[in-house]
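The values are calculated or read from the model by the stated rules, or taken from the named source; none is laboratory data. On a predicted model such as this, the values are computed, not experimentally measured, just so you know. Glycine gets a Cβ as well: all are built from the backbone with ideal geometry, and neighbour counts include every protein chain shown.
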Amino acid sequence: MLLFRALSALLSYPSAQLRLALPEIAAVIGDATTLGASERRGLLDLTAELGRGDLLEAEERYVDLFDRGRALSLHLFEHLHGDSRDRGEAMVELKQLYERGGFELSARELPDYLPVLLEYLSCRNLTEARAMLADCAHILANIGTALLARGSGYAAVLQALLVIAGEKPIDATRVPAVKERDEPLDRDWAEEPAFAGAPQTAANAPKPPAA
């Protein structure tokens with residue numbers, strides 16, 4: 001399903017190649033019958049936002065959002081298990097699931113990274129994809145709420161995933177705003193070397209250099 005590949009790209013680290021692919025991504029979103037008009041509009045707004053301004057500024061915004069702490073981590077098992085041993089075991093199981101589906105991860109990709117999961121789901125049928133998204137819907141909702149609180153356009157991707165999973169989208173009017181400059185960095189999380197620099201998985205975008 002091309003929509004999952006498009007959503008994976010939108011959540012990945014910004015790049016010049018991603019910008020070149022934005023018209024194609026916008027076309028996929030516009031044709032997405034699994035989404036409502038509100039979700040499509042939010043995604044198209046994000047697509048337009050990613051294509052505007054200086055690329056370095058877009059990269060900095062991405063890092064400021066997703067490298068600050070657990071609340072916005074795109075590594076799903078981080079929300080469930082933190083740094084415990086259970087997370088490693090869960091990632092092994094997820095990697096084995098990918099392998100059974102013929103999806104082989106590169107050495108630098110972690111299986112619980114949301115763009116990686118979406119890349120995998122793009123190769124599965126919609127019923128299976130919806131079931132997997134429903135299993136982690138509470139995590140998607142938490143990340144989406146945190147993004148809405150910061151006024152981030154990336155929240156549109158999480159809203160779309162919730163709708164595809166059969167869940168209600170988050171009511172943005174009920175999410176209190178958070179000022180990032182008033183929010184302390186989660187130092188314990190930031191110092192964990194395993195998560196220094198999220199991997200890039202978009203089909204049309206190169207991987208960023210490791211942090």
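Search region 122-177 for residues being charged (D, E, K, R) and not in a loop (DSSP other than H, G, I, E, B), and hand back the single one that is farthest from the chain's Cα centre (by Cα). So that I can check it myself, show each step before the final result.
Just the residues of region 122-177 that are charged (D, E, K, R), to begin with: 124, 128, 130, 135, 150, 167-168, 171, 174.
Of the ones still in play, those that are also not in a loop (DSSP other than H, G, I, E, B) are 128, 130, 135, 174.
Values: Glu128: 19, Arg130: 16, Asp135: 16, Arg174: 22 Å.
Once the filter is applied, the top-ranked residue is Arg174.
Regarding Gly51, is this residue in contact (Cβ under 8 Å) with a residue 12 or more places away in the chain and on the phi < 0 side of the Ramachandran plot? Working first, answer last.
Working: in contact (Cβ under 8 Å) with a residue 12 or more places away in the chain: yes; on the phi < 0 side of the Ramachandran plot: yes.
So Gly51 fits the description; yes.
Can you find even one residue in region 131-139 that is farther than 25 Å from Ala48 by Cβ and touching a Pro at 6+ places or on another chain (Cβ under 9 Å)? No, because not a single residue in region 131-139 is farther than 25 Å from Ala48 by Cβ and touching a Pro at 6+ places or on another chain (Cβ under 9 Å).
Restricting to region 94-135, and then to whatever is surrounded by 15 or more Cβ atoms within 10 Å (Cβ to Cβ) and basic (Lys, Arg), can you tell me which residue is modelled with the lowest pLDDT? Within region 94-135, the match that is modelled with the lowest pLDDT is Lys95.
Phe77 falls short of the stated requirement of being surrounded by fewer than 18 Cβ atoms within 10 Å (Cβ to Cβ), of a type in the set (Phe, Trp, Tyr) and either under 15 Å from Phe4 (Cβ atoms) or within 14 Å of the chain's Cα centre (by Cα) (or both).
Within region 92-107, residues that are under 15 Å from Asn125 (Cα atoms) reach partners that are of a type outside the set (Lys, Arg) and part of a helix (DSSP H, G or I) with beta carbons closer than 7 Å, at six or more positions or on different chains, in the pairs Tyr98/Tyr120; Gly101/Tyr120; Phe103/Tyr120. Considering only region 67-81, I want to know if a residue exists there that is in contact (Cβ under 8 Å) with a residue 24 or more places away in the chain and in contact with a Cys (Cβ under 7 Å, 6 or more places away or on another chain). Looking for residues that are in contact (Cβ under 8 Å) with a residue 24 or more places away in the chain and in contact with a Cys (Cβ under 7 Å, 6 or more places away or on another chain), one finds at least one in region 67-81, hence yes.
Only residues that are closer than 18 Å to Ser73 by Cβ, free of Cβ contacts under 8 Å to residues at least 40 places away in the same chain and of a type outside the set (Ser, Thr, Tyr) were counted in region 122-160, giving 10. Among Asp31, Asp86, which is loosely packed, with under 14 Cβ neighbours inside 10 Å and at pLDDT 95 or above? None of the other options fit; the residue is Asp31.
For region 50-64, which residues satisfy the criterion of being more than 16 Å from the chain's Cα centre (by Cα), surrounded by 14 or more Cβ atoms within 10 Å (Cβ to Cβ) and of a type outside the set (A, V, I, L, M, F, W, C)? Working first, answer last.
Taking region 50-64 as the starting set, the residues that turn out to be more than 16 Å from the chain's Cα centre (by Cα) are 51-57, 60.
Checking the rest, the ones that are also surrounded by 14 or more Cβ atoms within 10 Å (Cβ to Cβ) come to 51, 55.
Once the filter is applied, which keeps residues that are more than 16 Å from the chain's Cα centre (by Cα), surrounded by 14 or more Cβ atoms within 10 Å (Cβ to Cβ) and of a type outside the set (A, V, I, L, M, F, W, C), region 50-64 yields only Gly51.
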